[in-house]
Amino acid sequence: QVQFVESGGGLVQPGGSLRLSCTAPRNIFKGRTVAWYLQAPGKQRELVARITLDSRTNYVDSVKGRFTISRSDVKNTAYLQMDSLKPDDTAVYYCNQWPAPPAAFWGQGTQVTVSS
C-alpha cells in the first residue's frame, strides 16, 4: 500500500538544479522522519537524506553541500532541492519514511537524469 507520492524529476544538464516533492496522507506524514532515497540502474536503493520531526537533517557524503531536504507539515510535503547535479546523481528518487518500510510500501519514484 503506497503512501508517499513523488514528483519533480526530469532531465537536467550537469551543474543544473531540480526540486523534488513528495506528499503523503496527513496521518502518515505527520509524526514520522521522512527520507529521500535513490536507486541507480543495476544498484540497490540507498538513503540520500532524511529529516526528523524537528527538522534535523542528515545527508550521505556524496550529496552534502549540494542537496537540501526540507518538509512542510502544514502541506504534508517533503522536498529535495538538488543543486550542482552530476551525471552520477542519475537515478530514480523515492520518498518514504525512515527507517525504510517493506517493499509493498514504495511508490513509483521520480526519474532524475543528469546528462548533457
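The values are calculated or read from the model by the stated rules, or taken from the named source; none is laboratory data. Quantities reported herein were computed from a predicted structural model and do not represent experimental measurements. Counting neighbours? That spans all protein chains shown, and the Cβs are built from the backbone with ideal geometry, glycine included. For the accessible areas, the whole protein counts, side chains as well, though only heavy atoms, and no ligand, DNA or RNA atoms are used. Shrake-Rupley method; radii C 1.70, N 1.55, O 1.52, S 1.80 Å.
For residues that are part of a loop (DSSP other than H, G, I, E, B) and either surrounded by 15 or more Cβ atoms within 10 Å (Cβ to Cβ) or in contact with a His (Cβ under 9 Å, 6 or more places away or on another chain) (or both), tally how many sit in segment 1-15. It would help to see each step written out before you state the result.
Of all residues in segment 1-15, those part of a loop (DSSP other than H, G, I, E, B) come to 1-4, 8-9, 13-15.
Right, trim to either surrounded by 15 or more Cβ atoms within 10 Å (Cβ to Cβ) or in contact with a His (Cβ under 9 Å, 6 or more places away or on another chain) (or both) and you get 3-4, 8-9.
Within segment 1-15, residues that are part of a loop (DSSP other than H, G, I, E, B) and either surrounded by 15 or more Cβ atoms within 10 Å (Cβ to Cβ) or in contact with a His (Cβ under 9 Å, 6 or more places away or on another chain) (or both) number 4.
Does F67 count as touching a helix residue (DSSP H, G or I) at 6+ places or on another chain (Cβ under 9 Å) and open to solvent by less than 20 Å² (accessible area, probe 1.4 Å)?
Numbers: touching a helix residue (DSSP H, G or I) at 6+ places or on another chain (Cβ under 9 Å): yes; open to solvent by less than 20 Å² (accessible area, probe 1.4 Å): yes.
Here the answer is yes, as F67 does meet what is asked.
Open to solvent by 80 Å² or more (accessible area, probe 1.4 Å) and more than 20 Å from S115 (Cβ to Cβ): does that describe N58?
Numbers: open to solvent by 80 Å² or more (accessible area, probe 1.4 Å): no; more than 20 Å from S115 (Cβ to Cβ): yes.
No, not satisfied.
Looking at segment 18-46, which of its residues are surrounded by 13 or more Cβ atoms within 10 Å (Cβ to Cβ), over 21 Å from D73 (Cβ atoms) and touching a residue at least 24 places away in the same chain (Cβ under 8 Å)?
L18, L38, Q39, A40, R45, listed by residue number.
Condition first: without any contact (Cβ under 8 Å) to a residue 24 or more places away in the chain and among the basic types (K, R). Now tell me which residues in segment 57-109 satisfy that.
If the condition is that a residue be without any contact (Cβ under 8 Å) to a residue 24 or more places away in the chain and among the basic types (K, R), then K64, R66 are the ones that fit.
Residue under question is A49, and the condition is that it be touching a helix residue (DSSP H, G or I) at 6+ places or on another chain (Cβ under 8 Å), at pLDDT 95 or above and not hydroxyl-bearing (S, T, Y); does it hold?
Working: touching a helix residue (DSSP H, G or I) at 6+ places or on another chain (Cβ under 8 Å): yes; at pLDDT 95 or above: yes; not hydroxyl-bearing (S, T, Y): yes.
The answer is yes for A49.
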